[in-house]
Protein chains: 2
Amino acid sequence: MTTEQTIKDMMLEMGKAAKAAAGTLANAPTKQKNKALTSAARLIRADKDNIITANAKDMEIATARRLAGAMLDRLALDNERIEAIAKSLEAIAELPDPVGGIMAQWDQPSGLNISRVRVPLGVIGIIYESRPNVTADAGALCLKSGNASILRGGSESALSNRAIHDCLVQGLEEAGLSPDCIQLIPTQDRSAVGEMLGLVGYVDIIVPRGGKSLIERVQNDSRVPVMAHLDGICHVYVDADANLEKAVAITLNAKMRRTGVCGAAETLLIDQAVLNSHLPTIMDALKFAGCELRGDKTVLALDSTILPATEEDWNTEYLDSILSIRIVDGIQGAIDHIATYSSQHTDSIITENSETAEKFLTLVDSAIVMHNTSTQFADGGEFGMGAEIGISTGKMHARGPVGLEQLTSYKYQVRSNGQTRA
Amino acid sequence: MTTEQTIKDMMLEMGKAAKAAAGTLANAPTKQKNKALTSAARLIRADKDNIITANAKDMEIATARRLAGAMLDRLALDNERIEAIAKSLEAIAELPDPVGGIMAQWDQPSGLNISRVRVPLGVIGIIYESRPNVTADAGALCLKSGNASILRGGSESALSNRAIHDCLVQGLEEAGLSPDCIQLIPTQDRSAVGEMLGLVGYVDIIVPRGGKSLIERVQNDSRVPVMAHLDGICHVYVDADANLEKAVAITLNAKMRRTGVCGAAETLLIDQAVLNSHLPTIMDALKFAGCELRGDKTVLALDSTILPATEEDWNTEYLDSILSIRIVDGIQGAIDHIATYSSQHTDSIITENSETAEKFLTLVDSAIVMHNTSTQFADGGEFGMGAEIGISTGKMHARGPVGLEQLTSYKYQVRSNGQTRA
């Protein structure tokens with residue numbers, strides 16, 4: 001038997017095991033799911049030294065492979081980060097259980113009483129890179145929402161992921177749940193991902209978390225529906241009626257609070273009416289914070305020290321301390337630019353004119369549209385969902401932050417008293 | 001240029017035109033959309049003779065091709081059916097507009113006010129067979145929900161569809177909307193369907209309506225998400241605590257009201273405890289109504305005149321006056337049978353025991369689960385949605401009847417007063 005065939009068989013077995021586990025998990029009591037999560041948190045704390053040893057080996061290999069510093073930082077675990085992983089499991093246990101929740105209920109003239117009730121999606125496949133805490137977070141979010149999960153972490157964090165996964169499995173067992181509720185693909189062979197993307201009938205949805213090339217591959221190859229965002233090209237538009245202080249504070253925060261997150265702004269649009277009154281102050285603040293600026297012709301005329309922004313800039317998610325700036329002709333110019341270049345993730349308008357704001361909120365077709373708000377608030381936690389598995393820019397199923405409720409589907413329960421249809 | 005290349009180009013052009021139309025349609029006022037629908041209804045009435053002439057030609061070709069009687073009946077249009085098409089357009093105009101509806105709204109401690117607002121999906125591709133009224137219904141439901149549509153009817157109804165589509169386009173123009181809001185693929189070349197299934201980035205969702213082979217092909221080949229149901233293998237389970245009169249009435253209605261609809265029951269499960277008290281009466285009623293019965297060994301022992309049911313029977317959607325009957329060991333036996341054979345469409349329990357009923361409604365994982373209700377109520381109209389484009393058994397996005405709301409997605413509108421994230 002070839003290795004390829006072995007991996008194909010292994011993935012099919014994992015798919016079948018996940019589906020069987022999901023059948024029971026779908027109706028597991030909240031208490032039992034929470035017990036698995038809090039037990040896992042306890043075990044992770046108790047197993048801290050083992051996890052740190054495993055992580056040290058991952059770090060050693062990654063360093064030898066000359067991984068970038070930012071990657072190494074995301075990979076590293078210490079006491080504090082392990083405590084954060086345990087706390088996150090406990091926080092997910094505290095969140096309300098979405099399963100069984102009644103979304104709507106009504107009576108029909110025919111005598112039917114109809115309820116729309118939340119049910120889990122089934123089996124969720126998660127493909128992620130470097131950060132070992134995703135093993136715990138993703139497995140826990142799926143478990144709490146009644147879904148079985150199949151996790152596939154990056155090769156660079158293989159040993160750390162396995163050590164954390166061991167604690168999750170022990171937690172499941174302590175709670176009397178099947179260990180197949182959270183499975184970790186035990187090989188780093190790349191064909192395992194391809195096999196998982198083809199497990200139609202066993203895996204209900206794939207959530208990829210990582211760089212653009214990973215997401216692109218998954219979106220192109222998957223036969224299972226995918227929930228993700230490819231890019232986070234977010235815009236801040238400073239309108240003619242913008243308050244200068246807010247414009248400065250929001251642009252600075254949207255770009256520089258953290259530059260590597262998907263909700264970070266990449267392009268500043270500004271109405272030509274406030275070019276002279278607002279832009280210099282905003283640019284000074286950004287430069288003072290260490291941000292590289294690129295601009296269109298008009299911006300260059302204002303400040304000849306910065307680089308010109310090209311067509312490629314408008315299409316780029318820098319994920320770095322770089323911002324492209326474009327002058328637009330009023331709100332329609334901003335809306336047109338966003339329609340062309342936005343990745344439909346998060347876009348924000350700064351204005352004191354509520355009519356203009358409503359126009360922007362209505363006409364911009366992004367998952368999250370904002371008024372006088374920093375784009376860095378694009379986050380499940382900040383939306384009050386407690387935790388998120390990611391942010392979706394697709395229009396099917398969930399859009400925006402994907403928390404526990406977004407990991408569910410629903411069914412209709414119909415009650416009547418012997419009703420037949422005429 | 002080959003025909004294949006021409007069709008590829010044509011479909012791409014239709015996709016681009018639909019996407020452009022969808023951009024404007026997404027924010028078209030309700031009044032304007034309704035005007036297009038009521039104008040189309042008026043034009044269909046006025047154009048009745050032309051539509052009937054076109055339909056007569058379709059019927060002539062179909063008869064020469066020896067289409068089955070049931071297919072011919074679905075294809076045929078007369079004054080009454082044309083009036084029904086016009087009325088259906090007016091009824092869709094009367095339905096509330098889902099677009100812009102606020103699904104939820106809340107404040108966060110950070111000062112953010114968050115609204116979840118309904119938006120259209122974008123562009124919907126609909127592939128359907130024989131019934132020409134689907135041209136009007138599907139186009140109208142998409143229009144009312146703010147979506148552009150690309151329609152692909154069956155070759156047997158090509159001329160009828162074109163005549164109806166002409167009226168829809170005139171209606172759009174009268175209302176000042178782009179004719180690209182509802183496009184009909186002008187060729188019957190099969191490669192056009194394949195091209196549409198690959199229009200990622202232009203078509204947001206495909207809704208196939210028709211026979212199993214059509215749905216199967218679409219689900220296998222589409223790179224665009226598909227909303228559909230492949231089978232409607234619906235079950236009625238007569239529990240030990242079933243009221244005999246209700247059991248007879250519901251089984252008869254679920255099977256025989258209309259045998260060709262997806263919500264028709266295909267299998268009767270009955271608890272062995274009421275085998276002798278309930279089954280003979282139910283079987284008599286079904287036989288009297290002209291239903292062919294097939295049964296397992298125990299059923300055959302009760303009535304030797306009927307055929308044995310095979311493994312294939314439990315897996316078959318007859319869409320005909322045939323019912324398979326199986327004796328099960330209590331509710332767990334029924335749940336196990338349904339978990340194995342149900343297409344997760346609609347399943348119903350007959351019982352006076354509310355605890356048993358709740359167990360069934362919770363544990364059966366179908367889009368619609370019912371208590372003391374005929375499965376033939378599985379219909380958007382009967383659910384109070386006004387109209388439906390179909391029924392979905394998938395768990396992503398919409399499940400159960402797909403009406404106007406289910407043809408929408410949402411976005412988050414966030415309002416604050418200069419908030420930046422810490």
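The values are calculated or read from the model by the stated rules, or taken from the named source; none is laboratory data. As the structure is a prediction and not an experimental result, all values here were calculated from the model. Note that we place each Cβ from the backbone using ideal geometry, even for glycine, and neighbour counts take in every protein chain shown.
Say we look at the stretch A:299-321 and pick out the residues that are polar (S, T, N, Q) and modelled with pLDDT of 95 or more; which of these is nearest to A:I250 (Cα to Cα)?
Only one residue fits best here, namely A:S321.
Tell me, yes or no, whether the stretch A:327-341 has at least one residue that is in contact (Cβ under 8 Å) with a residue 24 or more places away in the chain and at the interface with chain B (Cβ under 9 Å from one of its Cβ atoms).
yes
Hey, among the residues in the stretch A:406-421 that are within 8 Å of another protein chain (Cβ to nearest Cβ) and out of contact with any strand residue (DSSP E or B) (no Cβ under 7 Å at 6 or more places or on another chain), which one's surrounded by the most Cβ atoms within 10 Å (Cβ to Cβ)?
My answer is A:R421.
To keep it simple, each residue is scored yes or no on (1) among the aromatic types (F, W, Y); (2) in contact (Cβ under 8 Å) with a residue 60 or more places away in the chain; (3) within 11 Å of chain B (Cβ to nearest Cβ).
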position	(1), (2), (3)
A:S110	no, yes, yes
A:N113	no, yes, yes
A:R116	no, yes, yes
A:V119	no, yes, yes
A:Y128	yes, yes, no
A:A138	no, yes, no
A:C142	no, yes, no
A:S149	no, yes, no
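Would you confirm, using the coordinates I've provided, whether B:R294 is in contact with a Leu (Cβ under 8 Å, 6 or more places away or on another chain) and not assigned by TED's automatic domain parsing to the domain that holds B:K359?
no
Filter the stretch A:389-405 down to residues that are in contact with a Gly (Cβ under 8 Å, 6 or more places away or on another chain) and without any contact (Cβ under 8 Å) to a residue 60 or more places away in the chain and give me whichever is farthest from the other protein chains (Cβ to nearest Cβ).
It comes out as A:P401.
Please state which one of B:V99, B:V134, B:V123 is touching a helix residue (DSSP H, G or I) at 6+ places or on another chain (Cβ under 6 Å), assigned by TED's automatic domain parsing to the domain that holds B:D221 and among the β-branched types (V, I, T).
Within the list B:V99, B:V134, B:V123, the selection yields B:V123.
Restrict the check to the stretch B:99-115 and report whether at least one residue is within 20 Å of the chain's Cα centre (by Cα) and modelled with pLDDT of 95 or more.
no
Report yes if some residue within the stretch A:375-385 is among the β-branched types (V, I, T) and outside the structural domain of A:D97 (by TED's automatic domain parsing); otherwise report no.
Checked against the condition, which is being among the β-branched types (V, I, T) and outside the structural domain of A:D97 (by TED's automatic domain parsing), the stretch A:375-385 yields at least one hit.
Could you tell me whether any residue of the stretch B:346-353 is buried (at least 24 other Cβ atoms within 10 Å of the Cβ), within 19 Å of A:Q419 (Cβ to Cβ) and within 7 Å of chain A (Cβ to nearest Cβ)?
no
Working carefully through the options A:L168, A:L159, find the one that is of a type in the set (A, V, I, L, M), surrounded by 23 or more Cβ atoms within 10 Å (Cβ to Cβ) and either over 19 Å from the mean Cα position of the chain (by Cα) or over 24 Å from A:R65 (Cα atoms) (or both).
Going through A:L168, A:L159 in turn, just one is of a type in the set (A, V, I, L, M), surrounded by 23 or more Cβ atoms within 10 Å (Cβ to Cβ) and either over 19 Å from the mean Cα position of the chain (by Cα) or over 24 Å from A:R65 (Cα atoms) (or both): A:L168.
Restricting to the stretch B:250-275, what's the tally of residues that are crowded, with 19+ Cβ neighbours inside 10 Å and of a type in the set (G, A, S)?
Qualifying residue count for the region: 4.
Being in contact (Cβ under 8 Å) with a residue 12 or more places away in the chain and outside any loop (DSSP other than H, G, I, E, B) is the filter; apply it to the stretch B:218-234 and report the residue that is surrounded by the fewest Cβ atoms within 10 Å (Cβ to Cβ).
If we take residues in the stretch B:218-234 being in contact (Cβ under 8 Å) with a residue 12 or more places away in the chain and outside any loop (DSSP other than H, G, I, E, B), then B:D221 is surrounded by the fewest Cβ atoms within 10 Å (Cβ to Cβ).
With among the aliphatic types (A, V, I, L, M), modelled with pLDDT of 95 or more and either more than 25 Å from the chain's Cα centre (by Cα) or surrounded by fewer than 19 Cβ atoms within 10 Å (Cβ to Cβ) (or both) as the only criterion, which of B:A56, B:A41, B:A70 stands out?
B:A56
May I ask you to say which residue of A:L319, A:L363 is closer than 14 Å to A:C234 by Cα, under 28 Å from the mean Cα position of the chain (by Cα) and either more than 14 Å from chain B (Cβ to nearest Cβ) or surrounded by fewer than 21 Cβ atoms within 10 Å (Cβ to Cβ) (or both)?
A:L319
Would you tally the residues in the stretch A:45-70 being farther than 22 Å from A:L141 by Cβ and outside any helix (DSSP H, G or I)?
Qualifying residue count for the region: 4.
Looking only at residues that are surrounded by fewer than 14 Cβ atoms within 10 Å (Cβ to Cβ) and more than 14 Å from chain A (Cβ to nearest Cβ) in the stretch B:282-302, which one is farthest from the chain's Cα centre (by Cα)?
B:A301
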